[in-house]
1. Kindly indicate the residue of the stretch 564-588 that is among the aliphatic types (A, V, I, L, M) and not in a helix (DSSP H, G or I) and also surrounded by the most Cβ atoms within 10 Å (Cβ to Cβ) among those meeting that condition.
2. Go through D618, D671 for me and flag whichever is surrounded by fewer than 24 Cβ atoms within 10 Å (Cβ to Cβ), free of Cβ contacts under 8 Å to residues at least 24 places away in the same chain and acidic (D, E).
3. Taking the residues in the stretch 109-126 that are aliphatic (A, V, I, L, M) and over 13 Å from E612 (Cα atoms) as candidates, determine which candidate is surrounded by the most Cβ atoms within 10 Å (Cβ to Cβ).
4. Among the numbered criteria (1) surrounded by fewer than 19 Cβ atoms within 10 Å (Cβ to Cβ); (2) closer than 30 Å to V425 by Cα; (3) in contact with a Phe, Trp or Tyr (Cβ under 9 Å, 6 or more places away or on another chain), which single criterion is violated by F187?
5. Working only within the stretch 236-257, note down all residues that are of a type outside the set (A, V, I, L, M, F, W, C) and either farther than 23 Å from M505 by Cα or buried (at least 24 other Cβ atoms within 10 Å of the Cβ) (or both).
6. In the stretch 171-185, which residues are farther than 13 Å from E279 by Cα and either touching a residue at least 40 places away in the same chain (Cβ under 8 Å) or not assigned by TED's automatic domain parsing to the domain that holds A157 (or both)?
7. Go through the stretch 617-735 and tell me which helices (runs of 4 or more DSSP H), entirely inside it, have 1 or more residues that are modelled with pLDDT under 95, in contact with a Pro (Cβ under 7 Å, 6 or more places away or on another chain) and among the charged types (D, E, K, R).
8. Please determine, by comparing only the residues of the stretch 727-753 that are crowded, with 20+ Cβ neighbours inside 10 Å and among the β-branched types (V, I, T), which one is nearest to L639 (Cα to Cα).
Amino acid sequence: MAEKLGVYICGGCEIAKSLDLAGLAEHVGKSKVAPLCKVIKTNPVLCSPEGVAEIEADIKAEGLDGVVVCACSPRSKWDIFRFGDAIQVERVNLREQCVWSFQDDPKVPGLLKGMAEDYVRMGVTRLSKSAIPVPEIPETSKTIMVLGGGFTGLTAALNAAAMNRDVLLVEKAEKLGGKALNMYKTFPLSAPFDKAVDTGIEKLVSAVESNPKIKVLLNATLESLEGAPGLYKAAIGGAQYDVGAVILATGWVPGDGKYLEPLGYGTMKNVITSSQFEEMAKNGKIVRPSDGKPVTSVAFVLDMDLPMKGASYAAGAACEPPAELPEQAAPAEGEAKEDAFVYENTESAKHLAYSSEISSLVALKQAGYVAEKVPGAVAMVLYDHMMVPGINEKYYKAAQDNSSIMLSKATVTGVTESGDGTLSVAAKDTLLGENVEIMADLVVLPTAVVPVTAHDPTMNFVYRQGPHFPDLKLFDGFVDSNYICFPYETRRTGVYAAGCAHQPMTMANARDDAAGAVLKAVQCIESINRGVAVHPRSGDLSFPVFNFVRCTQCKRCTEECPFGALDDDEKGTPKPNPTRCRRCGTCMGACPERVIKFDSYNVDQIGSTIKEVKVPDDIVAGGPRVIVLVCENDAYPALDMAAFRGKKWSPYVRFIPVRCLGSVNAIWVADAMSKGIDGVMLLGCKYGDDYQCHFVKGSELCSRRKENIAESLQRLGVEAERVEQYEVAIDDYDKIPDLIEKFMNEVVAKFGPNPFKGY
């Protein structure tokens, strides 16, 4: 723990104009935290070279092991206030959360002074309860395992090998190449981006097979993956391999044709999918399947209104479950039998919509095949929306200039067949507003890109939380594809998605995706070798420390961890895997016995910080007090931006940053209520299906715990409404003052003072 602290109060950015710096320093010197403070100083501009030099001189002269910087937001000047690995730094936000956002109440004097004093004491206390984490640095494997030998997997393997990494490439088929082997051509991969080009898959395969850094396993699947990043044990074909990180590039499978039945697929021989058409082009001739005659006209239908209306949107209801399911290990003696793992197939009609961009490009490409291979034939593309973002606009314009290709914006109302196999496509031209009938020898419908992970567990993790990624149902089989901030990360640290397992994408996009995933895998391994977190708290040295003597084996930590970082033994005692951990603190928030802590973030630290808030005995004379536990990922930056924009809010709130709302322990609410705090706001990220939580489940878990907190408060005779949770995205800064005002009016004003006030 930090024991010799230096407290430095900055006067810049209008702080000195609003606060008596000398008086604030004097207050700290007379408070109960004074014995911890070996140095207490003010400075006109603390971030100046002179200010930083003064701190560095004091560290050397006084032997300081901690520095409390009372100035601007910790999100500002963070690179300046660093004084070596042996010195802990705590930032007290006097600028954004005090001076700039202060809204005076003339009825209560000295509010700004009291607020600043509270924040400084809170900062000193917080730092005094923090210790420099000692990283756990294991002996790790630097081998990168790539699952999938298609275009994306091959590209990833070559990228990893180019970075001098050993690569284990696992492909379930008898040869490399994947879907690209069946493709005639692909979309433009380079300038001028106006012509379909060779996939280059044969060259990729040859390059991989000849690379000494890449070990290829064919006819192989990942039977199990045990351990943690840097320490994985991969079981493949009866052998075991040491693996540091994994690239998931298992690709896609064509969507179920039953969703296309409203457009004649399955009942009319000359209605085929784009996958079937691609194979036809690859084999050389474009003919009618019904009689083998050359085509004179081909209609490419992109409007999927009829299939989407006729299909169920329910994930998992679309396809039959696999015939064989992975077996669950038998429960240990004395352990209750849990339900066996059942993998739910997540393919649905929605994959047609997800694939719209790819489908548009495929239709343009294959219309070009008709022009190339069947002179005089006409290709007609009927679309509701032509989706060709970015550089692909050039490809679209090239198709428009091709006299053999007709493009029409239309809503397709049906497909019928004549006796000779000729097809009639009924549609409404939405530009002209007229009904049209188009005759065609062949109708080509889109192929939905369905990730392999929608059908197959693939990873087979030996994790307490099960063999596959959580929430695949939420993402319709794609691997955590709604991660906005972390485009390659999955719910399992050390496993990175690339290509169509991630989302439908072109080969050009997959090429970039593979490179990005490899870089993340390398970063993961290197971070683990230094004992630091990979993401989102990159560089964090801390990891959860358990006091197993007090553990009651309740399993809440193992069940609630969003990333499966904890296993447990036969008695239910947690088994930490530090390299899986993302340092969110959810396990700490879940634990009712305070068994879990981080050296630099713990239950006692935040509880003691709350207790430093000075609560007036008389709510009329001194005003109420509200604690706001703020998620540092979205809500805290939103607070900063609100202050930057001149927003003001109640002077009776005190903000305390937390790693994630998932780390909020019910004990903190109890500490606040016993202190006489009139209300507790929980300010965090949006949760649910469209979550924005950096730690995925943190805000959602906090909401669940709030229900338990409510029951406890009611038993104590304290209104449950005194604790409320609000969702704030990083760009919701304009809402923050209103949320605070709402809480003050609907909670504090309504229920009055905390009944424990004054005790």
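1. A565
2. Going through D618, D671 in turn, just one is surrounded by fewer than 24 Cβ atoms within 10 Å (Cβ to Cβ), free of Cβ contacts under 8 Å to residues at least 24 places away in the same chain and acidic (D, E): D618.
3. Pass one, the stretch 109-126, residues aliphatic (A, V, I, L, M): 111-112, 115-116, 120, 122, 124.
Within this subset, residues satisfying the condition of being over 13 Å from E612 (Cα atoms) are 111-112.
Values: L111: 19, L112: 17.
Once the filter is applied, the top-ranked residue is L111.
4. (1)
5. The answer is G237, G238, Q240, Y241, D242, G244, T250, G251, G255.
6. Hits for the stretch 171-185 are E171, K172, A173, E174, K175, L176, G178.
7. On the way: elements: 619-622, 635-644, 666-675, 698-715.
Counting at least 1 such residues, we get no helices (runs of 4 or more DSSP H) at all.
8. The selected residue is I736.
The values are calculated or read from the model by the stated rules, or taken from the named source; none is laboratory data. Predicted model only: the values in this text are computed from it and were never measured. FYI the Cβ positions are ideal-geometry reconstructions off the backbone, even for glycines, and counts take in every protein chain you see.
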